[in-house]
Amino acid sequence: MKIKLITMGLLLGAVSLIASSVMVSDAYVRATPPNMPNSAAFMMVMNKSANDLSIVSAKSDVAKKVEIHTHDMVNGMMKMHQVEKVDLKAKSHTLFAPGSFHVMFLGLNKSLKEGDTVDFTLVLSNKKRLKSVLL
């Protein structure tokens, strides 16, 4: 089965005001077949500030739980697991991509299809929030 991608546009004007110099680009979430309980979001996160920050959580009404995950090699197998935070070094970019960091939507309230809108928020270590609308 081929998985379609839901491309996303972000409200970057509001994001810039709320989160200072942290921005998100090229964000997308995977569409799901019917009855698939989970999906994932991927993006580029840019910390243009002079300070190191972290993404400490994510929130969305589209799923019962939203977590930040990554993959690691364990006994010769790639395994996905939740992480406590994702560090955003000053003046750098951090890629959320398949096989790496990503936002997991667990226990979806509905199947996600191409063209759907998904709202989610990234919470930073400085208590700022990046609210994103994924289309």
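The values are calculated or read from the model by the stated rules, or taken from the named source; none is laboratory data. Since we're looking at a predicted model, the values are computed, not measured. Neighbour counts are summed over all protein chains in view; Cβ atoms, including those assigned to glycine, are modelled from backbone coordinates with ideal geometry.
Could we say that Val45 is in contact (Cβ under 8 Å) with a residue 40 or more places away in the chain, surrounded by 15 or more Cβ atoms within 10 Å (Cβ to Cβ), within 18 Å of Ser21 (Cβ to Cβ) and out of contact with any Lys or Arg (no Cβ under 9 Å at 6 or more places or on another chain) here? Yes.
For the range 112-135, taking the residues that are free of Cβ contacts under 8 Å to residues at least 60 places away in the same chain and not hydroxyl-bearing (Ser, Thr, Tyr), the one that is farthest from Asp61 (Cα to Cα) is identified as Lys127.
Taken over the range 96-111, the criterion of being within 15 Å of the chain's Cα centre (by Cα) and more than 15 Å from Ala58 (Cβ to Cβ) is satisfied by Ala97, Pro98, Gly99, Ser100.
Among the residues of the range 55-66, not a single one is touching a helix residue (DSSP H, G or I) at 6+ places or on another chain (Cβ under 9 Å), closer than 14 Å to Met23 by Cα and part of a strand (DSSP E or B). Is it true that some residue in the range 119-131 is under 13 Å from the mean Cα position of the chain (by Cα), loosely packed, with under 15 Cβ neighbours inside 10 Å and either acidic (Asp, Glu) or not in a strand (DSSP E or B) (or both)? Yes, the range 119-131 contains a residue that is under 13 Å from the mean Cα position of the chain (by Cα), loosely packed, with under 15 Cβ neighbours inside 10 Å and either acidic (Asp, Glu) or not in a strand (DSSP E or B) (or both).
Can you name the residue in the range 15-30 that is at pLDDT 90 or above and over 16 Å from Val133 (Cβ atoms) and, of all such residues, is farthest from the chain's Cα centre (by Cα)? Going through the qualifying residues, I end up with Val22.
Against the definition (free of Cβ contacts under 8 Å to residues at least 24 places away in the same chain, under 21 Å from Met36 (Cα atoms) and surrounded by fewer than 18 Cβ atoms within 10 Å (Cβ to Cβ)), how does His81 come out, yes or no?
In short, yes.
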